[in-house]
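One structure is given below, encoded as structure tokens.
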Amino acid sequence: MGAAPLLEVKNLVKHFPIYKGWLLSRQVGSVKAVDGVTFTINRGETLGLVGESGCGKSTTGRLILRLIEPTSGEVWFEGNNVLSLDREQMRALRKDMQIIFQDPYASLNPRMTVGDIIGEPLRIHGIASGREREKRVKELLEVVGLSSYHARRYPHEFSGGQRQRIGVARALAVNPKLIVCDEPVSALDVSIQAQVINLLQDLQEQYGLTYLFIAHDLSVVKHISDRVAVMYLGKIVELTDKNSLYQNPLHPYTKALLSAIPIPDPTLVRERTLLEGDVPSPINPPSGCRFHTRCPVAEEICKHQEPAFEDVGGGHYVACHLVKKSQ
Amino acid sequence: MSKHEMAFSSAVAKQPSAAKEPKGRSLWADGWRRLRKNRLAMLGLFIIAFMTFLAVFAPLVAPYDPIEQLIWTKGKAARLAPPSKEHWFGTDLYGRDVLSRVIYGTRISLTIAVAASVVSLVIGVTLGAVAGYYGGKIDDFISWLINVIYAFPFLLFVLSIVAFRPASLTLVYVAIGFVSWPSIARVVRGQVLSIKETEFVEAARAVGAKDFGIIFRHILPNVIAPVIVQVTLGMGSMIMTEASLTFLGFGTQPPTPSWGYMINQGREYLLSGQWWWSVFPGLAISLTVLGFNLLGDGLRDALDPRLNK
């Protein structure tokens, strides 16, 4: 990959402090939501980010946009260190980075018309005003498959799928380069999911968009992604292109996740790796490899030493002692 | 950017001329639709509309001058006259027409209710929004202030003010407004706390909206409904408060026709049979407070965000 990546995330960390006491409150610990995440996204590609709920994947998306301030780490977007920008520079950069949310009911202001919602980014960045803005809003509505007269309606008059399209139109209004899709279809009916996914793919092709696609559904991610990163307890455990991940998963956690995907063929018998126990608390994550408490093949070293996140060949990154040993 | 724009326009070139579609129904329109179906709420609205009408057009509606003492022109017969054709609500000790005085009294009560509400709204919404949005030490301080005012004996507070300044209408509504804002601030703070965590606020932040814009365009419009309910219900108790203040002699001063003042004056004659002097203003208070409470309850149901799907 010759060209510089659009987005480069290095060792990103977010610890949410936990306070106790009222008068003399002190920090008693922290939730290690994201604990050293590193990846890159190339121009025009879709990086899928998967993991169980609470693994820090949504937080990662928000950290990149600085909707949450990171504790440490670096985020480089087109050669600029996003985390060193001041307020005004950050506001300007928001034109290039947008987000689509999970819940189409919570992500649209119920007191604003759809036209005002989609027009807001245009107003804030001074892209268009008056008639011009109205025209752009109508164009955007058509682009996402709605009708221009919908601009005068309110969000509660739409279905979940339509609302998600409105959310997409809002994100698209500023002609962004990167869109963080935070589980954009998880809250939708299965029949609607496909429509929204197809819309996102069409838009990507049309406008050369780059996606960070966050999801917990591996089959959705498989459909849309070029490369996939698997997260567990605030860390990425495996990152590679889609085909090698699905055909040749190396990390035991990835294997377990993949074996949990239902296959629509009742006659097919396969070996399933069942994970035991729950995800450990991110307040006090396990020592060594974070997965060792649930790993079916864990060895002594996994308890003490944290495995490095390394390229094992052909851009296939994995953090596991056993993979390294077997090579 | 130009490339993008070109693509956008070409994608839209074949835009069909959309048929005239009705404008969207706002949540306010939905709320009004629900409110209209609620008979009790509409009764409350009617009572308040009627009282407002009386207040605005008092000089046209009232049969007599509320301050004119008829004993000077009509003699002793006009003193404490029971309800009759000429004086529907009777007359008081000075020969003043009680009906006219009750009608003029709506002016005082409604003025107090509206003005005190404005005072408490300005303070309550500002402090509540600031506390909820910024949190931390500011929130701690404002929440502490709310509790202090809640705990402070209201009459003592007004008394201490009156000790320095002569009682006046302005003083009364400022004082009432000043002790009523905590309930509004509390509602606003709670709402802001929950709304600022919603995804649409996050979305506004993601497109680069500033704090000011987020508060005024996204958060406050979603707080208005519960605040309206709070204010409507509060108006009833404000009218009661004004009446009690005046009853105790700290409110509006004679000869201004105020309900509380009339009740106070007439109470000595209740047992001796001249009940009309204080009973009619008492009924007026009850009716107005009932109106505000019925409307407030109806609004709470009609504007319930859980019905907003």
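Projected label points at B:Gln253 and A:Asp217, each 7 Å from Cα along the beta carbon direction, are separated by 7.4 nanometres.
When the Gaussian network model of chain B links Cα atoms closer than 10 Å, the mean-square fluctuations of B:Phe292, B:Phe141, B:Phe250 top out at B:Phe141. On a straight-distance basis, which lysines could pair with A:Lys138 in a cross-link, Cα separation under 17 angstrom, same-chain partners fewer than 8 positions away excluded? A:Lys138 reaches B:Lys14, B:Lys20, B:Lys23. Looking at segment B:52-128, the trypsin sites (Lys or Arg not before Pro) that sit in a DSSP loop and have at most 16 other Cβ atoms within 10 Å of their own Cβ are B:Lys85.
Separation of segment A:85-127 from segment A:176-200 is 18 Å, based on Cα centroids. Taking 0.36 nm per residue of separation and subtracting the Cα-Cα distance, full extension of the segment from A:Ser287 to A:Glu157 would add 41.8 nm.
Averaging the sequence gap over all C-alpha pairs within less than 8 Å and six or more residues apart, then dividing by the number of residues, gives segment B:37-161 a relative contact order of 18 percent.
With Cα atoms defining each centre, segment B:22-53 and segment B:105-158 are spaced 27 Å apart in the structure.
Split chain A at each of the trypsin sites (Lys or Arg not before Pro) in a DSSP loop with at most 13 other beta carbon atoms within 10 Å, and the longest piece is A:1-269. Computed from Cα positions, the angle between helix B:2-12 and the longest principal axis of chain B comes to roughly 70 degrees. Test of understanding: in a Gaussian network model of chain B with alpha carbons linked when under 10 Å, which of B:Val179, B:Val289, B:Val56 would top the mean-square fluctuation ranking? Comparing B:Val179, B:Val289, B:Val56 in a Gaussian network model of chain B, the most mobile one is B:Val56. Assuming charge only on the beta carbon of Lys and Arg (+1) and of Asp and Glu (-1), the dipole of segment B:31-105 about its Cα centre is about 580 debye to the nearest 20. Exposure proxy shown here: for A:Val28, A:Val137, the number of other Cβ atoms within 10 Å sets the order, fewest to most, as A:Val28, A:Val137. Charged side chains reduced to their Cβ positions (Lys and Arg at +1, Asp and Glu at -1) give segment A:157-313 a dipole of some 200 debye around its Cα centre. Within the listed set A:Phe101, A:Phe213, A:Phe16, the Gaussian network model of chain A (springs between alpha-carbon atoms below 10 Å) gives the highest mean-square fluctuation for A:Phe16.
Helix A:160-172 and the long axis of chain A differ in direction by around 80°, with both axes built from C-alpha atoms.
Put in order of Cβ neighbour count within 10 Å, fewest first, the listed residues B:Phe178, B:Phe57 become B:Phe57, B:Phe178. Working note: 222 nm ellipticity from helices only, DSSP H runs with n ≥ 4, each -39,500 (n - 2.57), summed and divided by the residues of chain A, gives -9000 deg cm²/dmol to the nearest 500. Amide H contacts under 5 Å for A:Val237: A:Val230, A:Met231, A:Tyr232, restricted to partners 5 or more places along the chain or on a different chain, H placed in the peptide plane at 1.01 Å from N. Each label was represented as a point 7 Å from its Cα along the Cα-to-Cβ direction; for B:Val114 and A:Asp265 these points are 7.7 nm apart. The distance between label points at B:Phe57 and A:Val13 comes to 7.5 nm (points 7 Å beyond Cα on the Cα→Cβ vector). Against chain B, whose longest principal axis comes from its Cα atoms, helix B:27-37 is set at around 40 degrees. Taking the inverse of the average 1/r across all pairs of different Cα atoms in chain A, what Kirkwood radius in Å do you get? After inverting the mean inverse Cα-Cα distance, the result is 21.2 Å.
Remark: chain A carries a charge dipole of roughly 780 debye about the Cα centre, counting +1 on each Lys and Arg Cβ and -1 on each Asp and Glu Cβ. When you work out D = kT/(6 pi eta Rh) for chain B at 4 °C and 1.567 mPa s, using the Kirkwood radius from C-alpha pairs as Rh and the Stokes-Einstein form, the result is 57 µm²/s.
Reported value for the protein assembly as shown: 223 Å³ per residue, from the convex hull of its C-alpha atoms.
Normalising the average separation of contacting C-alpha pairs (under 8 angstrom, six or more residues apart) by the number of residues puts the relative contact order of chain A at 19 percent. Among A:His150, A:His223, the order by Cβ neighbours within 10 angstrom, fewest to most, reads A:His223, A:His150.
Each Cα pair under 8 Å and six or more residues apart adds its separation to the average, and for segment A:168-327 the resulting relative contact order is 18 percent.
Cross-linked pairs A:Lys57/A:Lys324; A:Lys222/A:Lys303; A:Lys10/A:Lys324; A:Lys14/A:Lys325; A:Lys32/B:Lys210: Cα-Cα separations exceed 27 Å for A:Lys222/A:Lys303; A:Lys14/A:Lys325; A:Lys32/B:Lys210.
Every read-out reported here was derived from the displayed coordinates using simple, explicitly stated rules and does not represent laboratory data. Being a predicted model, the structure only gives us computed values, none of them experimental. Methodologically, a virtual Cβ is constructed for each residue, glycine included, from the backbone with ideal geometry; neighbour enumeration extends over all protein chains shown.
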